[in-house]
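**Student:** Before I ask anything, let me first share the structure, which is written out below as structure tokens.
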Amino acid sequence: MKKKWGVIIASLCLLLGLSACGGDEKADAEEVPTLKWYMIGTPQKDTEEVMKEVNKYTEEKIGVKVEMTQIDWGDYGKRMQTVINSGENFDIAYTAAGEFVSYSQKGAFLPLNKYLDKEGKKMKAELNDVLWQGATIDGKIYGVPSNKEVGEQQVYVFNKDLVDKYNMDVTKVKSFSDLEPLLKTIKENEPSITPIGGNKDFKPAFAYDYLIDNAVPLPFAVNQYEDTGEIVNFYDQPDTLETLKALHSYYEKGYVTKDIATSTDPWSYDKENWFVRIEKYQPYAENIWDKNTGGKYKVVTQPIAETPIIKNNSVTGAIQAVSVTSQHPKEAVKFLDLLNTDEYLRNLVDKGIEGTHYKELEDGKIQDLPARVERYSMPTYALGNHFILKLYEDEPVDKWDQFKAFNDKSVASPGLGFYFDSSEVRTEIASITNVCNEFAPALLTGTVDPVEYTAKFKDKLNDAGMKKVMKEMQKQYDDYRASQE
């Protein structure tokens, strides 16, 4: 009887023109998977055209296609929150810093450890070890960081034309208070120039690694230069207070704008209305800032500290994570492995199609064509390994050598790799965040007297539960340190 039914079914299949009954499963197995990739950045007109070229290459190399969906800068966070909370199936997404940590701890991203020994072994070897350390939470690697500068080094950026005009020696600026005579000269002689450029997001450089670094950092921090093993409220530390006193005196003397605590002025480089500002440095950053001035003036920098510090934020500023909902996790890691180790693919995704979006010069450097500027301007920092990118015609030939040297001299903060699990103190964290949003902007912009204000600030933090959070965080930090021994 079974044989008879088999003959009947086979005959029906032939009559219906099917190649084989049960053929759908076979077709699915042979179909080239298409990875769904969410990417930050203004949607570009030529993304689909470039992805066609990407897919020709990736299908041949690793049997995978990619569909990139770009979401504009201001919308990305909320859109991804909706995507993740809905349980939508997708494969890869850009993420960074606090959101990366939060989503990883909540189980939204797939741990990659087992894949990095096979599907991702080339990029595992290629990327700096500290990047993997920064992407590791409770022993699990939750994403692939962009391989670029690993250390954070803050610098004072000065208007060089004004420095030269008044014969200033910026190399003597070793502390925030050392700025005083320079600012005084500018205030007295350049009425159209604000001595310190900054808005509501301004904060001086402090010697601390913020363990919960929101737009306004919460008080919990470790000393980034000394491994004391202690978590402190950095707002009430003696060295912080001295810096805040200097900043308040600058505010009173008119060295910053009176509305700095509420201002949203970006202090663009193309406006010559500031003398000094604080920026994060990378090798040859001066060239970028000089270009941003539009040729109106040049800049000169002075390091606030000579040693770049490797922090969680400095190595998780751009990550590609694989979703826990991915139906093709192996293929997703294969694609990321190729993106981070294959020069052709990395430049294709980043720069577009040679001859259409850029042209390669005789020396191997490249030059953007109008189509790239107008139709395919991608966020380079977010896409992966920088060290296999082609150089532009005006970039120094030793650019990537200098980046490697910068990374070699960078030193890890004691807080690197420690991620606080706030699940036991969520209510307190929310209250503390509200207190910081109320008090910190005025304090960090010099608008208020720090001696009087920090006392009120600390009382409010204690009322919000800071001691409870500090106790829980110190316990977790002690456990983390013990696990590293």
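The values are calculated or read from the model by the stated rules, or taken from the named source; none is laboratory data. If you're wondering where the values come from, they're calculated on a predicted model, not measured in any experiment. Here Cβ is always computed from backbone atoms with ideal geometry, including for glycine, and neighbour counts include all displayed protein chains. For the accessible areas, the whole protein counts, side chains as well, though only heavy atoms, and no ligand, DNA or RNA atoms are used. Shrake-Rupley method; radii C 1.70, N 1.55, O 1.52, S 1.80 Å.
**Student:** Of all residues in the stretch 278-317, which are part of a loop (DSSP other than H, G, I, E, B), surrounded by fewer than 17 Cβ atoms within 10 Å (Cβ to Cβ) and either on the phi > 0 side of the Ramachandran plot or β-branched (Val, Ile, Thr) (or both)?
**Tutor:** The answer is TYR284, GLY294, GLY295, THR307.
**Student:** Of these, LEU179, LEU183, which one is aliphatic (A, V, I, L, M), surrounded by 22 or more Cβ atoms within 10 Å (Cβ to Cβ) and either modelled with pLDDT of 95 or more or more than 29 Å from the chain's Cα centre (by Cα) (or both)?
**Tutor:** LEU179
**Student:** Does ASP394 count as open to solvent by 60 Å² or more (accessible area, probe 1.4 Å) and part of a loop (DSSP other than H, G, I, E, B)?
**Tutor:** yes
**Student:** Now for a different question. If only one of GLY143, GLY120 is in contact (Cβ under 8 Å) with a residue 60 or more places away in the chain, in contact with an Asp or Glu (Cβ under 8 Å, 6 or more places away or on another chain) and crowded, with 21+ Cβ neighbours inside 10 Å, which one is it?
**Tutor:** GLY120
**Student:** Determine if the stretch 153-170 includes at least one residue that is in contact with a strand residue (DSSP E or B) (Cβ under 9 Å, 6 or more places away or on another chain), in a loop (DSSP other than H, G, I, E, B) and farther than 26 Å from MET470 by Cα.
**Tutor:** Scanning the stretch 153-170 turns up at least one residue that is in contact with a strand residue (DSSP E or B) (Cβ under 9 Å, 6 or more places away or on another chain), in a loop (DSSP other than H, G, I, E, B) and farther than 26 Å from MET470 by Cα.
**Student:** For the stretch 443-476, how many residues are in a helix (DSSP H, G or I), open to solvent by 20 Å² or more (accessible area, probe 1.4 Å) and either without any contact (Cβ under 8 Å) to a residue 60 or more places away in the chain or over 13 Å from ASP236 (Cβ atoms) (or both)?
**Tutor:** Counting residues in the stretch 443-476 that are in a helix (DSSP H, G or I), open to solvent by 20 Å² or more (accessible area, probe 1.4 Å) and either without any contact (Cβ under 8 Å) to a residue 60 or more places away in the chain or over 13 Å from ASP236 (Cβ atoms) (or both) gives 15.
**Student:** Quick check on ALA93: is it modelled with pLDDT under 95, open to solvent by less than 60 Å² (accessible area, probe 1.4 Å) and out of contact with any Lys or Arg (no Cβ under 8 Å at 6 or more places or on another chain)?
**Tutor:** In short, no.
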